[in-house]
1. Sort out which residues of the range 74-93 are of a type outside the set (A, V, I, L, M), touching a strand residue (DSSP E or B) at 6+ places or on another chain (Cβ under 7 Å) and either crowded, with 18+ Cβ neighbours inside 10 Å or within 13 Å of Leu46 (Cα to Cα) (or both), and write them in order of number.
2. What are the residues in the range 71-97 that are within 11 Å of Thr28 (Cβ to Cβ) and charged (D, E, K, R), if any?
3. Among what's in the range 60-83 and is small (Gly, Ala, Ser) and at pLDDT below 85, pick the residue that is nearest to Ile107 (Cα to Cα).
4. Would you point out the residue of the range 60-77, among those that are among the aliphatic types (A, V, I, L, M) and not in a strand (DSSP E or B), that is farthest from the chain's Cα centre (by Cα)?
5. Residues of the range 78-115 being closer than 19 Å to Gly34 by Cα and of a type outside the set (A, V, I, L, M), which ones?
6. Which residue, of Ala99, Ala115, Ala65, Ala71, is among the small types (Gly, Ala, Ser), surrounded by 14 or more Cβ atoms within 10 Å (Cβ to Cβ) and without any contact (Cβ under 8 Å) to a residue 40 or more places away in the chain?
7. Can you tell me which residue in the range 83-92 is nearest to Ala48 (Cα to Cα), limited to those that are assigned to a strand (DSSP E or B) and touching a helix residue (DSSP H, G or I) at 6+ places or on another chain (Cβ under 8 Å)?
8. For the range 15-59, name all the residues that are at pLDDT 85 or above, loosely packed, with under 15 Cβ neighbours inside 10 Å, assigned to a loop (DSSP other than H, G, I, E, B) and not aliphatic (A, V, I, L, M).
Amino acid sequence: MKTLEELKSERESARLAMALRLGPPRLTVKVGMGDIGLATGARETLKAFSAALAAAGVQDVAVLACGCCCAPESQAPTVTIEEPGKAAVTYAKVGVELARQIVEEHIMQGRQLSAALLK
């Protein structure tokens, strides 16, 4: 049996998915989930993006798992932010805390975190 919190989380996920179906996302967050990404914590990174966006009430951003972006192992996990009409931005070594910072700074305020960009 699921807890009340699990049910609320599922309802919120479904609501966000429905909102994205109504129109194209403003941004797309792609988390590199190849073998190296998974070994370095990409699954937790993806969950952190989803949770931070939901907590902030952001409904127009899609969070997707993708394959390896061919970055060196030392740079994983990687996250690419795509915005229509702009060059994609890729962040390196994205853990849970950096994912939250990216949501607050880049996604919500439009400011890239230059120190965390893939070099």
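1. Quick first cut of the range 74-93, residues of a type outside the set (A, V, I, L, M) only: 74-75, 77-78, 80, 82-86, 90-91, 93.
Still in the list and also touching a strand residue (DSSP E or B) at 6+ places or on another chain (Cβ under 7 Å): 77-78, 80, 82-83, 90-91.
Correct list: Pro77, Thr78, Thr80, Thr90, Tyr91.
2. Selection gives Glu82, Glu83.
3. Checking each candidate, the answer is Ala76.
4. So the first thing to find is which residues in the range 60-77 are among the aliphatic types (A, V, I, L, M), and the list is 61-65, 71, 76.
When the remaining residues are screened for being not in a strand (DSSP E or B), the result is 71, 76.
On the way: Ala71: 17, Ala76: 14 Å.
So, considering only residues that are among the aliphatic types (A, V, I, L, M) and not in a strand (DSSP E or B), the one farthest from the chain's Cα centre (by Cα) is Ala71.
5. Thr78, Thr80, Glu82, Thr90, Tyr91, Lys93, Gly95
6. Numbers: Ala99 fails: without any contact (Cβ under 8 Å) to a residue 40 or more places away in the chain; Ala115 fails: surrounded by 14 or more Cβ atoms within 10 Å (Cβ to Cβ); Ala71 fails: without any contact (Cβ under 8 Å) to a residue 40 or more places away in the chain.
Just one listed residue meets the conditions, Ala65.
7. At the first step, the residues of the range 83-92 found to be assigned to a strand (DSSP E or B) are 89-91.
Narrowing the set further to residues that are touching a helix residue (DSSP H, G or I) at 6+ places or on another chain (Cβ under 8 Å) leaves 89, 91.
Values: Val89: 18, Tyr91: 15 Å.
Top of the filtered list is Tyr91.
8. Matches in the range 15-59: Arg26, Gly57.
The values are calculated or read from the model by the stated rules, or taken from the named source; none is laboratory data. Keep in mind the model is a prediction, meaning the values are calculated, not measured. We place every Cβ from the backbone using ideal geometry, glycine too, and count neighbours over all the protein chains shown.
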